[in-house]
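Coordinate-derived values only; no laboratory data. Model, not experiment: these values are computed from the prediction. Glycine gets a Cβ as well: all are built from the backbone with ideal geometry, and neighbour counts include every protein chain shown.
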Amino acid sequence: MEHILLMGNEAVAYGAIDAGVSFVSGYPGTPSTEALETVARLKPDGVHVEWSVNEKVALEAAAGASYAGARALVTMKQVGLNVASDPLMSLNYVGVKGGLVILSADDPGPISSQTEQDTRRFAQFARLPVLDPSSPEEAYAMTRAAFELSELFRVPVLLRPTTRVCHACSAVERMEPTPLVKPSGFVKGKEWVIFPRLSYEAKKRIVAREPELAEAQRPFNKIDEINGDTPALIGVACGGIGSAYAREAILNLGLRCRILQIGAPNPFPEAMAAEFIDGLECVLVVEELDPVIEDGLRPLMNGIPLHGKRDGVILVAGELSAAIVESALRTIVPVRAINGGGAKESASARKPIAGSEDVDSAERPVPPVRPPVLCAGCPHRASFYAVKRAAKGRKAIFCGDIGCYTLGNAPPLDMVDTCLCMGAGVTVAQGLKQADPEAYCFAFIGDSTFFHSGMTGVLNAVYNRADMIVVVLDNRTTGMTGRQPHPGTGESAVGESAPEASIEAILRALGVASVRRANPFDVEEAIETTHEAMDEKGVRAIVFEAPCIAVAKPGKPMSIDIARCAGCQVCVKALGCPALSFQPSPKYEGRIVAHINTALCTGCGLCAQICPTECIQPIDLLCGSGGGGL
Amino acid sequence: MLASRLIAQCAMDRGAFARTAETIGMAQRGGSVVSHVRWCNEAAAIPSPLISLGSADILIGFEPGEAVRCLPYLKAGGAAVVSVNGITSAVASLSGRQVEASVFVEYLRKAVPQLILIDGAAIAEKVGSAKTLNMALLGAAADLLGFSAETMLDALRKRLSPRLIELNKRALEEGAMAKEASI
Ligand code: SF4
Ligand code: SF4
């Protein structure tokens, strides 16, 4: 069939659709989000697709669909798997009927996660099969195969691409689709009810099937002889995107070697590994995150040196690259082996343009740092600013949570003192207050995170008579991952209308007697509301309501009347809005004045309200009065 | 992102195998974004989606400072197509470490013999949208990439909704013209 350019996550979606999936659920999380979004965008007939409120819920709902014979896909990021681990562990004991595949995308680096955990390790712990694609095209094929494997062994199957697979694109060949698997319907039986006696039998079954499972997974693993037919002395074992880097490095070095590429590391393919090791003088393992393949090989080595993360030849944390693998190979391989026969240009032969003799690299100007910041016009900036002003001079602790608003920890706001995991702001604040009774304890939580795992924490606070202020930053979307709908938005994953949950009503139902709502962009009102809440006791809540700039239509940008700007820098230093900066004004002999980037400014008006000289106004007003412009 | 996928699509339309690697999510929040595009006749020749340092043939820079940041990827003798307009960094502004865009442009002039500079802001104004800088740059880079205007337009039609085609087509053309002016 045709080749199409697909991102790794899109390839997973197409793979699931082409495998006849009919139930898709998940919770957004980088780098996994686009998989479910793609299914929602394509809206294939007969496929139910939903953003669930959290990963545990997503997996349980998918398990139900699978019990009735549907093929189901669940999507999440690796830390989401922690949330889903409760149903996951039990599900292996109960088993599934329709193929159940769990996409758990890992994030080496980590680039946008709390941890650098490895889903392959999780699979070992849970005794589950896990497939580890090295490219989008492999992600497509493995997703389809995962459904077959799941049904064959009646086991949930994990699929764990990493960021560089999820967010890479390549030409993927779509294969003939399997017709939609029509769910056979739920058949009652005692096997669906987990009981200790049943689990004892199940555990024996799980252990006993492992050799058979390893055999069935043989096609996902392979041995390749690279560069020539003399016997290979060097072996490179690799998995996932590590395979891509390893192959690239070997290509660059022109190295004669044998590759063992492991796409299904659990149970460990011991027979193939033994075949691979046979005759080698040393082995390098190239894998990101944990040394899973390395630990699998170690007992089989028979004294042959094994290099990887355990001896520090490969980095223990962070992403790898072809260059890292090249230098690792150089440290373990005698130089004569490299460039021996028909070597392509090697790393040292490749010369970057910068730093070449013509231009001294010392001259190279250093580009500005660009850490991620809250967007121009972001309502979180306004909320943080108001609470900061209200709490000024009092001892206060600001517990943060997971979302865009974690970026509120950066200066000049500096309003996130703690951040642990989804929903933990609300609960950490309760313990802090007990152990540090003098402090006002604030917990900032976004709307999506509130639905994900904030509500139980609030109930706990009410029940246990905590003393804290819950601040819900309700921007009506899941901002960090690129605006997915959630129960508060009144919209479903496929863009249909849905019942709209009211955060205020939920807070009241949970027993919070004092709930206030405020518009964070009205600075005075927002500060006043915060003061009122601070002066009360018990659990009180403020819901700051203003939409994310990604879902709201931007207003007219603001502009500075530079004739009146005092250059005091209050606006820039208090807010850190990326649309605000300082520039010398040519019109006023280079006097430093504030400047607004009108392409970024959404006209939120925050800076205008705090400017002491009131020189910031909507752009059309200024043009009328003859101001504006540098 | 669209730019890298368009290049990959053009390459595929000419029968090559293509890969891209993208940074997602950071651009809007003020972070720097790099996309890699590779294509070749067979997939095995480009196992990794990432380009190694010192081996890129062409560097397309949306901003001069960012172009300088990525220069180590460019191989000796490689070409660069860069928009001259700077984007200020909020954080650098806070700490008072702002560097003028012209400093980076000057450095690029010295470091990259095969350099094409375009005034992206002027083109955006002409075309009437700041969101078409990517197309203007692609238009300027078309010859270097080895793609004809038709190939690019076809790829554009495959990946964009019809109502956006006209706008982006004009940006492509303006970019190609700006390139002539740059030489
Ligand atoms: S009005 Fe001020 S604070 Fe709001 S986006 Fe514009 S420059 Fe930033
Ligand atoms: S707060 Fe007002 S007066 Fe001060 S620098 Fe900003 S715009 Fe100028």
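How big is the Cα convex hull of segment A:400-472 in projection, averaged over all directions, in nm²? Provide the component values of the computation, followed by the final result.
Working: hull surface 18.1 nm².
Spelled out: convex hull of the Cα atoms, projected over all directions, averaged, 4.5 nm².
Just to confirm a number: summing +1 for Lys and Arg and -1 for Asp and Glu over residues other than A:Asp447 whose beta-carbon lies under 14 angstrom from that of A:Asp447, what do you get?
Working: positive: A:Arg476, A:Arg483, A:Arg517; negative: A:Asp401, A:Asp474, A:Glu491, A:Glu500, A:Glu504, A:Glu545.
My count for the surroundings of A:Asp447 gives -3.
Which translational diffusion coefficient, to the nearest whole µm²/s, is obtained for segment A:193-339 from the Stokes-Einstein equation, given a Kirkwood hydrodynamic radius over C-alpha pairs, 37 °C and 0.692 mPa s? Working shown, then result.
Values: Rh = 16.2 Å.
Here the translational diffusion coefficient equals 203 µm²/s.
Please work out the ratio of the alpha-carbon Rg of segment A:558-621 to 2.2 N^0.38 Å and round it to two decimals.
On the way: Rg = 10.6 Å, N = 64, 2.2 N^0.38 = 10.7 Å.
Normalised Cα radius of gyration, segment A:558-621: 0.99.
Give A:Lys56/A:Lys309; A:Lys392/A:Lys573; A:Lys43/A:Lys77; A:Lys56/A:Lys204 a once-over and call out the pairs whose C-alpha atoms are over 28 Å from each other. Mind dumping the intermediate values first?
Working: A:Lys56/A:Lys309 32 Å; A:Lys392/A:Lys573 16 Å; A:Lys43/A:Lys77 22 Å; A:Lys56/A:Lys204 26 Å.
Correct reply: A:Lys56/A:Lys309.
Provide the per-residue ³J(HN,Hα) series for segment A:231-238, in order, calculated from phi with Karplus coefficients 6.51, -1.76, 1.60 and θ = phi - 60°, each as a whole number of Hz, with x at glycine and proline positions.
Coupling constants for segment A:231-238: x, 6, 10, 10, x, 10, 9, 8 Hz.
In whole angstrom, note down how far apart the Cα centers of segment B:94-166 and segment A:39-104 are.
If we compute the Cα centre of each part, the gap is 42 Å.
Summing -39500 (n - 2.57) over the DSSP H runs of n ≥ 4 in chain A and dividing by its residue number, what mean residue ellipticity at 222 nm do you reach, to the nearest 500 deg cm²/dmol? Working shown, then result.
Working: 22 runs with 209 residues, N = 630.
Estimated from H runs of four or more residues: -9500 deg cm²/dmol.
Taking neighbour counts of Cβ atoms within 10 Å as a proxy for exposure, in what order, fewest first, do A:Arg394, A:Arg41 appear?
Values: A:Arg394 10, A:Arg41 14.
Going from sparsest to densest Cβ surroundings: A:Arg394, A:Arg41.
Using a cut-off of 13 Å between beta-carbons, work out the net charge of the residues near A:Ile610 (Lys and Arg +1, Asp and Glu -1, A:Ile610 not included). Could the numbers behind the result be given before it?
Values: positive: A:Arg381, A:Lys388, A:Arg389, A:Lys573; negative: A:Asp522, A:Glu524, A:Glu614.
Summing Lys and Arg as +1 and Asp and Glu as -1 gives +1.
Give the long-range amide H neighbours of A:Gly490: residues separated by 5 or more places, or on another chain, with amide H under 5 Å away, using H modelled in the peptide plane at 1.01 Å from N.
Amide H to amide H, under 5 Å and 5 or more residues apart or across chains, A:Gly490 pairs with A:Ala501.
List the residues whose amide H sits under 5 Å from the amide H of A:Val470, counting only those 5 or more places along or on another chain, with H placed 1.01 Å from N in the peptide plane.
Answer set, sorted by chain and number: A:Ala443, A:Arg540, A:Ala541, A:Ile542.
Just check chain A against the gyration tensor rule for me: Cα atoms, a ≥ b ≥ c as the square roots of the eigenvalues, rounded for a/c under 1.5, and otherwise prolate or oblate depending on whether a/b exceeds b/c.
On the way: a/c = 2.13, a/b = 1.37, b/c = 1.55.
Judged from the Cα gyration tensor, chain A comes out oblate (a/c at least 1.5, b/c at or above a/b).
Charges at C-beta only: +1 for Lys and Arg, -1 for Asp and Glu. How large is the resulting dipole of segment A:379-545 about its Cα centre, in Debye rounded to 20?
Working: 15 positive and 20 negative charges, 70 e Å.
Charge dipole of segment A:379-545: 340 debye, to the nearest 20.
Only bridges whose two residues both fall in chain B count here: according to DSSP, what percent of them are antiparallel, nearest 5?
Numbers: 5 of 15 bridges.
Bridges in chain B are about 35 percent antiparallel.
Can you compute 3J(HN,Hα) from phi for each residue in segment A:215-229, using the Karplus curve 6.51 cos²θ - 1.76 cosθ + 1.60 with θ = phi - 60°, rounded to whole Hz and x for Gly and Pro?
For segment A:215-229, the Karplus-derived couplings read 5, 5, 8, 3, x, 7, 10, 8, 10, 10, 8, 10, 6, x, 10 Hz, x marking Gly and Pro.
Applying 1/(1 + (r/R0)^6) with R0 = 56 Å to the Cβ-Cβ distance of A:Ser85 and B:Asp119, what FRET efficiency is obtained, to the nearest 0.05?
Details: r = 54 Å, r/R0 = 0.97.
It comes out at approximately 0.55.
When the chain is fully extended, how far beyond the present Cα-Cα distance does A:Ser184 get from A:Asn519, taking 0.36 nm per residue of separation? Walk me through the numbers on the way to the answer.
Working: separation 335, 0.36 × 335 = 120.60 nm, distance 5.09 nm.
Length gained between A:Ser184 and A:Asn519: 115.5 nm.
Can you give the charge dipole size of segment A:133-187 about its Cα centre, rounded to the nearest 20 debye, using +1 on the beta carbon of Lys and Arg and -1 on the beta carbon of Asp and Glu? Don't skip to the answer; put the middle values down first.
Numbers: 6 positive and 6 negative charges, 43 e Å.
About 200 debye.
With the crude spin-label approximation of a point 7 Å out along Cα→Cβ, what separation in nm comes out for A:Ser327 versus B:Ser161?
In this crude spin-label approximation the distance works out to 4.6 nm.
Ignoring solvent entirely, what values of log10 I(q)/I(0) come out of the Debye formula for segment A:379-545 at 0.10, 0.13, 0.14 Å⁻¹ when each Cα is a single scatterer?
For segment A:379-545, the Cα-only Debye profile gives -0.32, -0.55, -0.64.
What size of dipole, in debye to the nearest 20, comes out for segment A:47-155 about its Cα centre when the only charges are +1 on Lys and Arg C-beta atoms and -1 on Asp and Glu C-beta atoms? Can you show the working numbers first?
Working: 9 positive and 13 negative charges, 74 e Å.
With only Lys, Arg, Asp and Glu charged at Cβ, the dipole is about 360 debye.
Subtract the Cα-Cα distance of A:His531 and A:Val316 from 0.36 nm times their separation in residues, and report this length gain in nm to one decimal.
Going from the current span to full extension adds 72.6 nm.
Report, as an integer, the average count of C-beta atoms from other chains found within 10 Å of each Cβ along B:62-75.
4
Quick one: which residues, 5+ away or cross-chain, put their amide H under 5 Å from the amide H of A:Gly576? H built at 1.01 Å from N.
The list, which skips near neighbours in sequence, is empty: none.
With a/c under 1.5 counting as rounded, go ahead and sort segment A:147-197 into rounded, prolate or oblate using the C-alpha gyration tensor (a ≥ b ≥ c being the square roots of the eigenvalues; past the cut-off, prolate if a/b is larger than b/c, else oblate). Display every interim value, and only then the final one.
On the way: a/c = 3.91, a/b = 1.76, b/c = 2.22.
Note, shape of segment A:147-197 comes out oblate.
For segment A:247-254, what does the Karplus curve 6.51 cos²θ - 1.76 cosθ + 1.60, with θ = phi - 60°, yield as ³J(HN,Hα) per residue in whole Hz, taken in order and with x for Gly and Pro?
These are the phi-based 3J(HN,Hα) values: 5, 4, 4, 5, 4, 5, 8, x Hz.
Can you tell me how segment B:52-182 classifies by the Cα gyration tensor, rounded, prolate or oblate, using a/c under 1.5 as the rounded cut?
Numbers: a/c = 1.99, a/b = 1.34, b/c = 1.49.
Oblate, since a/c reaches 1.5 and b/c is not below a/b.
Where both partners of a DSSP beta bridge lie in the protein assembly as shown, what percent of those bridges are antiparallel, to the nearest 5?
Values: 32 of 95 bridges.
Counting only bridges with both partners in the protein assembly as shown, antiparallel ones make up about 35 percent.
Only bridges with both residues in segment A:3-216 count here: give the DSSP antiparallel percent, nearest 5. Don't skip to the answer; put the middle values down first.
Numbers: 5 of 25 bridges.
Restricted to segment A:3-216, the bridges split so that about 20 percent are antiparallel.
Which net charge results when you count Lys and Arg as +1 and Asp and Glu as -1 among the other residues whose beta-carbon is under 13 Å from that of B:Phe147? Mind showing how you got there, number by number?
On the way: positive: B:Arg14; negative: B:Asp13, B:Asp143, B:Glu150, B:Asp154.
Value of the local net charge: -3.
Starting from 0.36 nm per residue, how many nanometres of slack lie between A:Glu589 and A:Thr115 once their C-alpha separation is accounted for?
Between A:Glu589 and A:Thr115, full extension yields an extra 165.5 nm.
Straight-line reach only, C-alpha to C-alpha below 21 angstrom: list the lysines that B:Lys179 could link to, leaving out same-chain residues fewer than 8 apart.
B:Lys110, B:Lys126, B:Lys131, B:Lys169
With r defined as the distance between the Cβ atoms of A:Glu281 and B:Ala45 and R0 fixed at 30 Å, what FRET efficiency is calculated, to the nearest 0.05? Don't skip to the answer; put the middle values down first.
Values: r = 28 Å, r/R0 = 0.93.
Efficiency at R0 = 30 Å is approximately 0.60.
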